[in-house]
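K.L.:
The structure's right below; bear with me while I get my questions together.
The values are calculated or read from the model by the stated rules, or taken from the named source; none is laboratory data. Keep in mind it's a predicted model, so treat the numbers as computed, not measured. Please note: Cβ atoms are built from the backbone with ideal geometry, for glycine as well, and neighbour counts cover all protein chains shown. Side chains included, ligands, DNA and RNA excluded: accessible areas come from the protein's heavy atoms. Shrake-Rupley method; radii C 1.70, N 1.55, O 1.52, S 1.80 Å.
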Amino acid sequence: MTKDEKKRLNKIAELGCILCSEIFGIEGTPSELHHVRRYGAKRSASPILPLCPEHHRGNSGVHGLGIKGFESKWNITCEKLLERVDQKLGKAD
Ligand SMILES: [Zn+2]
Ligand SMILES: [Zn+2]
């Protein structure tokens, strides 16, 4: 991993959980990095969502529910959440 990549990952983590922000309006929940798998894409090139432990690995999280269950429970797609991450990163710069 290059320094720039590390910097980017830190910035994403610092945004806090993107679902807490979108659904509950809570900013800066400490987050873990979730790699969104895209067909045929390398893991290192996969886009990343910052999610708190509950929304990442918990019962209401993307791993607990699976992508489809997660998206229908929260009525938002991972692609939409990725857009929001990009918007927030843009603002932070
Ligand atoms: Zn959360
Ligand atoms: Zn994950």
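K.L.:
From the phi angles alone, apply the Karplus equation (6.51, -1.76, 1.60; θ = phi - 60°) to the stretch 58-71 and give each ³J(HN,Hα) in whole Hz, x where the residue is Gly or Pro.
P.N.:
The phi angles translate into x, 5, 9, x, 5, 7, x, 9, x, 4, 5, x, 4, 5 Hz.
K.L.:
With every protein chain present, what is the per residue accessible area of the chain (1.4 Å probe, Å²)?
P.N.:
About 65 Å² of surface per residue is accessible.
K.L.:
Any idea what the dipole of the stretch 1-80 comes to, in debye rounded to 20, about its Cα centre with Lys/Arg Cβ at +1 and Asp/Glu Cβ at -1? Working shown, then result.
P.N.:
On the way: 13 positive and 9 negative charges, 88 e Å.
Roughly 420 debye, rounded to the nearest 20.
K.L.:
What full-extension length gain, to one decimal in nm, is calculated for L89 and S60 as 0.36 nm per residue of separation minus the Cα-Cα distance?
P.N.:
Length gained between L89 and S60: 7.9 nm.
K.L.:
Tell me the label-point distance for the pair N10, V36, using the 7 Å Cα-to-Cβ offset, in nm and rounded to one decimal.
P.N.:
About 2.5 nm separates the two model spin labels.
K.L.:
Over its Cα atoms, what ratio of radius of gyration to 2.2 N^0.38 Å does the chain give?
P.N.:
Dividing the Cα radius of gyration by 2.2 N^0.38 Å gives 1.03.
K.L.:
Which percent of the accessible heavy-atom area of the chain goes to carbon and sulfur, probe 1.4 angstrom?
P.N.:
Exposed carbon and sulfur together represent 51 percent of the surface.
K.L.:
Now a separate question. In the chain, what cysteines have no partner Cβ closer than 4.7 Å?
P.N.:
C78
K.L.:
Based only on the alpha carbon positions, what is the Kirkwood hydrodynamic radius of the stretch 50-90, in angstrom?
P.N.:
10.4 Å
K.L.:
Add -39500 (n - 2.57) for each DSSP H run of 4 or more in the chain, then divide by its residues: what number comes out at 222 nm, to the nearest 500 deg cm²/dmol?
P.N.:
Estimated from H runs of four or more residues: -15000 deg cm²/dmol.
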